[in-house]
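**Student:** Dropping the structure in here first, questions after.
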Amino acid sequence: MNKFQEVSHRTIQAGIVLLLFMLFAGTLGYWYIEDFSLIDAFFMTIITISTVGFGEIHPLSDVGKLFTSGLIFFSLGSLAYVGSSMASFVFDGELMNYLKTYRVDKAILKLKDHVIIVGYGRNGEQAALELKDHGVKFVIIEKRENVLNRIRRDDSLLYIRGDATHEEVLNKAGVDRARALIATTPNDADNVFVALTARSMNPSLRIVSRASEMESDLKLKRAGVTNVIMPERIGGQRMAKLVTQPDVVEFLEYILLQKSKDVSLEEVSCTHMAGCYVNKPIRELKEQDSSGVNIIGIKISGAKYVFNPDPQLTLSRGDQLFVIGSPDQVKVFRTALETEKE
C-alpha cells in the first residue's frame, strides 16, 4: 500500500467516524434539548449538517439555536479537514503516483519471459537501457524513494517499490514467469539473499549478479547465481586492453554497444535445427545458407567453446552458434538453420 492509499484510507475512516458522531450527537441533542421525536431529531440533524436550507421543522429555543450553530460549524470543519487532506495529496502528486502504480501493476501481471532488474543505480540503469535497445521486457525492483521518483518520470519503465529479498516482492514482479534476474545492488549480502529467494521460486531462472568483493564470487554461485560480474575487475581489464590493444577493444565495443545495429554478434540456438543438419558437418549448413553471416564460434552441448570452428565439425541440437552479421542476415540464417533441405 502506497502513501496515497494509506492517507486516503485513514481520511475516509476519519470522515465516516465524524459523520456518525455528528448524526448521533445531533439526534441526541435535538431529542434532549427540543424534545423532538427521534425521527424529527434525526431529520433535523441531516438537514443541518448538509446545509440544504430546508428550514426548521419545529421552532427552536435559544439553546436549540446555539446547538444548531455549533453543529453547523462542526460539520463544516469536518468537511474542510477531509477535503484538505485529500486535496493536499492530489496537489503533491501522490494521486498521480497511485494511478501510475495501478497502471504499472496491471502491465506487470501480463509480463512473461521478461527480466527482473534489482536496483536502479548506475549498473541497473545501464542494464535497463541495453535491454530496451534489444526489445526485451523488464521490470525494476527498487526500495529507495528518491530513485523511485526518478523512475516515475519515465512512463515507459515498469517498476515495483519494495525489497527484492522478500518473496512477496519477487512474486509481484512475476519471478515464476521471468527468464532472468539481474541483481545490481552494491551490497553483496543482499544479492546473495535475492539469488537464494529467486532460485527457490524459479529453479530455471538465469541469475546475473554484481559482486563488490572478490570473496563474494563463490558465495553468489553457491546461492544459485549463473554469472557473477565484478565492475571493478572488468573496468581495470578494459583500461589495460585500451593501452595494449586499443583497436581490438574499440572494434568489439562497436559490435556489442553500437546503436545503429548495422552489424551485431548474435547467439543462435540449434534446439530447433532441421533434421537434415543434425550430426552433419557445419560445411553442409554453409552450402545451403545464403545469408552471408559468419559463424565465429560454437558452444558444444552447453560445455565446450570452439572459436572459428572447423567446417568438418558436426552439429547437434544441444549446440549454440555465435554468428556475426546484420540483423536481416541473422534472421535469414535462423530460417535456413530450421528449414529442411529440398
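The values are calculated or read from the model by the stated rules, or taken from the named source; none is laboratory data. Quick caveat: nothing in here was measured; it's all calculated off a predicted structure. Cβ coordinates were reconstructed from backbone atoms using ideal geometry, including for glycine residues, and neighbour counts include every protein chain displayed. Ligands, DNA and RNA are stripped out before the accessible areas are found, and what is left, the full protein with its side chains, is counted by its heavy atoms. Shrake-Rupley method; radii C 1.70, N 1.55, O 1.52, S 1.80 Å.
**Student:** If Leu265 meets every condition in (1) in contact with a helix residue (DSSP H, G or I) (Cβ under 8 Å, 6 or more places away or on another chain); (2) at pLDDT 85 or above; (3) assigned to a strand (DSSP E or B); (4) not β-branched (Val, Ile, Thr) apart from one, which number is that one?
**Tutor:** (2)
**Student:** Mind listing whichever residues of the range 208-218 are of a type outside the set (A, V, I, L, M, F, W, C) and at pLDDT below 90?
**Tutor:** Ser212, Glu213, Glu215, Ser216, Asp217
**Student:** Still on this structure, I have one more. Mind telling me which of the residues Thr226, Thr165, Thr184, Thr197 ends up being of a type outside the set (A, V, I, L, M), touching a Gly at 6+ places or on another chain (Cβ under 7 Å) and touching a residue at least 12 places away in the same chain (Cβ under 8 Å)?
**Tutor:** Thr184
**Student:** So which residues in the range 292-327 are of a type in the set (S, T, N, Q), assigned to a loop (DSSP other than H, G, I, E, B) and open to solvent by less than 80 Å² (accessible area, probe 1.4 Å)?
**Tutor:** Ser301, Ser316, Ser326
**Student:** Could you please find all residues in the range 157-192 being open to solvent by 70 Å² or more (accessible area, probe 1.4 Å) and over 17 Å from Gly124 (Cβ atoms)?
**Tutor:** His166, Glu167, Glu168, Asn171, Lys172, Asp176, Arg177, Arg179
**Student:** Then there's this: Quick test for you: out of Thr165, Thr197, pick the one residue that is in a loop (DSSP other than H, G, I, E, B), modelled with pLDDT of 85 or more and of a type in the set (Ser, Thr, Tyr).
**Tutor:** Thr165 is the lone residue from the list that is in a loop (DSSP other than H, G, I, E, B), modelled with pLDDT of 85 or more and of a type in the set (Ser, Thr, Tyr).
**Student:** Please go through the range 193-207 and pick out each residue that is among the basic types (Lys, Arg) and surrounded by 15 or more Cβ atoms within 10 Å (Cβ to Cβ).
**Tutor:** Within the range 193-207, Arg199 is the sole residue that qualifies.
**Student:** Looking at the range 328-342 only, could you name the residues that are of a type outside the set (S, T, N, Q) and not in a loop (DSSP other than H, G, I, E, B)?
**Tutor:** Once the filter is applied, which keeps residues that are of a type outside the set (S, T, N, Q) and not in a loop (DSSP other than H, G, I, E, B), the range 328-342 yields Asp328, Val330, Lys331, Val332, Phe333, Arg334, Ala336, Leu337.
**Student:** Further, regarding this structure: Just to verify a result, which residue in the range 91-128, among those that are open to solvent by 80 Å² or more (accessible area, probe 1.4 Å) and among the hydrophobic types (A, V, I, L, M, F, W, C), is modelled with the lowest pLDDT?
**Tutor:** Of everything passing the filter in the range 91-128, Phe91 is modelled with the lowest pLDDT.
**Student:** Out of Ile324, Ile296, I need the residue that is under 33 Å from the mean Cα position of the chain (by Cα) and more than 16 Å from Tyr277 (Cβ to Cβ). Which one?
**Tutor:** Step by step, each of Ile324, Ile296 is checked, and only Ile324 is under 33 Å from the mean Cα position of the chain (by Cα) and more than 16 Å from Tyr277 (Cβ to Cβ).
**Student:** Would it be correct to say that Ile39 is of a type in the set (A, V, I, L, M) and either in contact with an Asp or Glu (Cβ under 9 Å, 6 or more places away or on another chain) or open to solvent by 60 Å² or more (accessible area, probe 1.4 Å) (or both)?
**Tutor:** Taking the combined requirement at face value, the residue satisfies it.
**Student:** Please pick out the residue among Arg233, Arg210, Arg222 that is among the basic types (Lys, Arg) and in contact with a strand residue (DSSP E or B) (Cβ under 6 Å, 6 or more places away or on another chain).
**Tutor:** Arg210
**Student:** Scan the range 208-218 and tell me whether some residue there is in contact (Cβ under 8 Å) with a residue 60 or more places away in the chain, more than 17 Å from the chain's Cα centre (by Cα) and open to solvent by 90 Å² or more (accessible area, probe 1.4 Å).
**Tutor:** No - not one qualifying residue is present in the range 208-218.
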